[in-house]
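Enquirer: One structure, as structure tokens, below. Some questions next.
The values are calculated or read from the model by the stated rules, or taken from the named source; none is laboratory data. Model, not experiment: these values are computed from the prediction. When we count neighbours, we look across all protein chains shown, and the Cβ atoms used for this are built from the backbone with ideal geometry, even at glycine.
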């Protein structure tokens, strides 16, 4: 595959008095199957790596120059602290992915308000490391927000964090790392990396309550070989204690569970401003009309509350019929499919198996849900059929199914 020089116009910009610039970068394009277009999920060759330390999340035994993604939160700040303590030449970078929300002093792992940029700068000053702010608003809009809206319009329930990691966050980090002559990139994710044979493997974080490996499954080998996860073997409590002991300004920073680009987590209002929505019938599986919905994008598969339907038993959204503008509801067991298929598959910790291969694994059908024992059948077209025993979890098209063997993340894909 030929590499091509992609030059973003080099220009100075301002974020409430903070300067950043876009630089020319070199990358090799690959195909993004979701949008059928050329994208860049990874960049560059890795430097030689040996002595992989799986407990720490990458090779921390051979210090070099590393670019750390700093969101203004305690996790990324502590990651920078740990790398500094281990002798790395650390640079910090904060990406500005979405326009600032007026008056919002908080940050999430990928949203950077003016206040969170300032906290990241204060941490960098405390650690005596350089700090850069880079704008990626247009890229984030094109690669994450627009597909998010299109997927909801198509009746699916997407996971924007998964897509962001593969097509925005890691490419941006690797591009910036190359521009600043960094051998490695690092984030504050609770996950681990180790090398096994010719593959870089992703493992769950030691703190299972904070494990973030699920959202990392799309990352290709050329990204993993340059990635460090310093917090992989740590608990959240330990991270906060380290930050407090180092007097980092982010030691008490709050966590957010909202989608980073949706204010207050109100995705209905967000979608309503961007999509054409029409009311329509709410029906059960036998075509009985039970009520009227406000617009299909305002509902998610598995939703129970807010349906506005009175029935003798709990009802859940089991399907969004976009062709006929019908919201189909039914009992919970109708959600709990025992057979489903995934596409856009990425095999992370093992080489892709041959067609017709059968694999036993534990499958997570949503972020931080209980893994289900499953049998995976690899199809000739690259998709995977998954069979699971009886369970009580909603299988939602557009969500990711990620499979593990023990702590090792084997692969994942998007539920059809």
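Enquirer: More than 21 Å from the chain's Cα centre (by Cα) and either free of Cβ contacts under 8 Å to residues at least 40 places away in the same chain or assigned by TED's automatic domain parsing to the domain that holds residue 349 (or both) - does that describe any residue in the stretch 171-178?
Expert: no
Enquirer: Return only the number of the condition from (1) more than 29 Å from residue 222 (Cα to Cα); (2) touching a residue at least 40 places away in the same chain (Cβ under 8 Å) that residue 367 does not satisfy.
Expert: It fails just one condition, (1).
Enquirer: Sticking with this structure for a sec: Which of (1) touching a strand residue (DSSP E or B) at 6+ places or on another chain (Cβ under 9 Å); (2) farther than 21 Å from residue 367 by Cα; (3) modelled with pLDDT of 95 or more; (4) crowded, with 17+ Cβ neighbours inside 10 Å does residue 307 not meet, given it meets every other one?
Expert: Among (1) touching a strand residue (DSSP E or B) at 6+ places or on another chain (Cβ under 9 Å); (2) farther than 21 Å from residue 367 by Cα; (3) modelled with pLDDT of 95 or more; (4) crowded, with 17+ Cβ neighbours inside 10 Å, the lone unmet condition for residue 307 is (3).
Enquirer: Does residue 261 count as without any contact (Cβ under 8 Å) to a residue 40 or more places away in the chain and under 27 Å from residue 141 (Cα atoms)?
Expert: no
Enquirer: Here's a follow-up. Select from the stretch 237-255 the residues that are under 24 Å from residue 128 (Cα atoms) and in a helix (DSSP H, G or I) and list them in ascending order.
Expert: 238, 239, 240, 241, 242, 243, 244, 245
Residue by residue, here is whether (1) more than 19 Å from the chain's Cα centre (by Cα); (2) surrounded by fewer than 16 Cβ atoms within 10 Å (Cβ to Cβ); (3) free of Cβ contacts under 8 Å to residues at least 24 places away in the same chain; (4) under 30 Å from residue 307 (Cβ atoms) holds:
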{"residue": "340", "(1), (2), (3), (4)": "yes, no, no, yes"}
{"residue": "357", "(1), (2), (3), (4)": "yes, yes, yes, no"}
{"residue": "390", "(1), (2), (3), (4)": "yes, yes, no, yes"}
{"residue": "398", "(1), (2), (3), (4)": "no, no, no, yes"}
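Enquirer: So, in the stretch 400-416, of the ones that are in contact with a helix residue (DSSP H, G or I) (Cβ under 9 Å, 6 or more places away or on another chain) and assigned to a strand (DSSP E or B), which residue ends up surrounded by the fewest Cβ atoms within 10 Å (Cβ to Cβ)?
Expert: Only one residue fits best here, namely 404.
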